[in-house]
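Report on the following structure.
The values are calculated or read from the model by the stated rules, or taken from the named source; none is laboratory data. All values derive from a computational prediction rather than experimental measurement. Note that we place each Cβ from the backbone using ideal geometry, even for glycine, and neighbour counts take in every protein chain shown.
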Amino acid sequence: MSRQQKTIITCAITGAIHTPTMSDALPYTYDDIAREAIEASQAGASILHLHARNPKDGSPSVDPDDFSPFLSRIKQATDAVVNISTGGSLTLSIQDRIKPAATFSAEMCSMNMGSMNFSFHPLAKRYADWKYDWEKDYVSNSDGNIFRNTFRDIEEAAKSLAPHDIKFEHECYDVGHLYNLKFCMDIGLFKTPVFIQFVMGILGGIGADIDNLVFMKKTADKLFGDSYRWSILAAGAAQIPMATTASQMGGNVRVGLEDSLFIKRGELAVSNAQQVGKIRRIVEELGSQVASPDEAREILDLKGGDRVAF
Ligand code: KMH
Ligand code: ZN
């Protein structure tokens, strides 16, 4: 595959699946999510990956009413591509999880490409002072939860969202998920170029190291040839180092407090924009340029920010 000229930075602003409110920097009210997203866009993120939370206690929400207050403000203040999560929460059905993306007819949304025991239970031993009641049990029970994304779920989500002409961020947490995507493409579920997010370092999925990244990339080259674009998301302290490596391999990068609360090993980030600014400086220092939102739209063949419903 030819090397892409510009690097797309996605910023995942708040998450909810695996990030309780453990850092004061993590936004969960409407105002804070809007402000963090706008500042991340100003710092160089062309795509904003967004979850919503219950603004009272930060718990995961897929209620469209919890999205609209910040979506409209982000749209007024930026021309960033809005990418709405369909991951939602480990315990919700796919039908509930796709409601926000369908309601707002987003330009992009996530699509998780396989079922797995997406687990973060070791965190429960490391934290003592939880802010809200739901957090400790949600985290410690994640070792028994299956994040359900069956072939039937994926097909249902793809067919329900097809009329909205949404580009999917195919979240692939292991090599097998690339084969799942290939199967789904062969039965006509997704338009090319597909956009693959290599998700590394989640317990239950592939580890975040360079050998594994090369393996993911080689497998994707073999399966998809020129019909895919890719990005990396490495969880935790590997976030910036792995994004740096991926950017040198022609990949795009995702940062944000959803995936890592840190700016470097052992030091909490103060904002999403701080992580965006850091990876942007690295990418530019190493001789590449960062894509604007419109350049990201062109690279990924998106429908355009004027065709959303918010
Ligand atoms: N934070 C990622 C590891 C989704 O939103 O659909 C998982 C994620 C899933 O982004
Ligand atoms: Zn997400």
Quiz item: For residues in segment 108-159 being among the hydroxyl-bearing types (Ser, Thr, Tyr), within 19 Å of Ser85 (Cβ to Cβ) and in contact with an Asp or Glu (Cβ under 6 Å, 6 or more places away or on another chain), which is surrounded by the fewest Cβ atoms within 10 Å (Cβ to Cβ)?
Solution: Ser119
Quiz item: Before we move on, is Thr19 within 15 Å of ligand 1 (Cβ to nearest atom) and farther than 22 Å from Thr244 by Cα?
Solution: yes
Practice problem: Return a yes/no flag: does segment 253-262 have any residue that is of a type in the set (A, V, I, L, M) and part of a loop (DSSP other than H, G, I, E, B). | Solution: yes
Quiz item: What residue, of Ser142, Ser110, Ser160, is in a helix (DSSP H, G or I) and either free of Cβ contacts under 8 Å to residues at least 24 places away in the same chain or closer than 23 Å to Ile13 by Cβ (or both)?
Solution: Ser142
Exercise. Of the conditions (1) under 18 Å from the mean Cα position of the chain (by Cα); (2) crowded, with 22+ Cβ neighbours inside 10 Å, Ile299 clears all except one; give me its number.
Key: (2)
Exercise. Would you mind stating whether Leu26 is within 26 Å of Asp153 (Cβ to Cβ) and either touching a residue at least 24 places away in the same chain (Cβ under 8 Å) or within 12 Å of ligand 1 (Cβ to nearest atom) (or both)?
Key: no
Exercise. Among the residues of segment 26-41, count how many are in contact with a strand residue (DSSP E or B) (Cβ under 7 Å, 6 or more places away or on another chain) and closer than 16 Å to Tyr132 by Cα.
Key: 1
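Residues are listed down the side, and each one gets a yes or a no for (1) over 20 Å from Asn252 (Cβ atoms); (2) more than 12 Å from ligand 1 (Cβ to nearest atom); (3) within 15 Å of the chain's Cα centre (by Cα):
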{"site": "Asp32", "(1), (2), (3)": "yes, yes, no"}
{"site": "Ala40", "(1), (2), (3)": "no, yes, yes"}
{"site": "Ser68", "(1), (2), (3)": "yes, yes, no"}
{"site": "Ser72", "(1), (2), (3)": "yes, yes, no"}
{"site": "Gly88", "(1), (2), (3)": "yes, no, yes"}
{"site": "Ile98", "(1), (2), (3)": "yes, no, yes"}
{"site": "Met113", "(1), (2), (3)": "no, no, yes"}
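Let's see how each residue does on (1) within 16 Å of ligand 1 (Cβ to nearest atom); (2) in a helix (DSSP H, G or I); (3) touching a strand residue (DSSP E or B) at 6+ places or on another chain (Cβ under 8 Å):
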site	(1), (2), (3)
Tyr179	no, yes, no
Lys182	no, yes, no
Met185	no, yes, yes
Phe195	yes, no, yes
Phe198	yes, no, yes
Asp211	no, yes, no
Met216	yes, yes, yes
Practice problem: Out of the residues in segment 171-201 that are more than 16 Å from ligand 2 (Cβ to nearest atom) and closer than 14 Å to Asn212 by Cα, state the one that is surrounded by the most Cβ atoms within 10 Å (Cβ to Cβ). | Solution: Leu178
Self-check item: Options Gly277, Gly266: the member that is at pLDDT 95 or above and either out of contact with any helix residue (DSSP H, G or I) (no Cβ under 7 Å at 6 or more places or on another chain) or buried (at least 18 other Cβ atoms within 10 Å of the Cβ) (or both)
Solution: Gly277
Quiz item: Looking at segment 43-66, which of the residues that are part of a loop (DSSP other than H, G, I, E, B) and within 13 Å of ligand 2 (Cβ to nearest atom) is nearest to Ile232 (Cα to Cα)?
Solution: His51
Practice problem: Output the number of residues of segment 227-249 satisfying the condition of being assigned to a loop (DSSP other than H, G, I, E, B) and touching a Ser or Thr at 6+ places or on another chain (Cβ under 8 Å). | Solution: 2
Practice problem: Please go through segment 23-39 and pick out each residue that is more than 16 Å from ligand 2 (Cβ to nearest atom) and of a type outside the set (Lys, Arg). | Solution: Ser23, Asp24, Ala25, Thr29, Tyr30, Asp31, Asp32, Ala34, Ile38, Glu39
Quiz item: Within segment 207-219, can one find any residue that is within 25 Å of Ser105 (Cβ to Cβ) and surrounded by fewer than 20 Cβ atoms within 10 Å (Cβ to Cβ)?
Solution: no
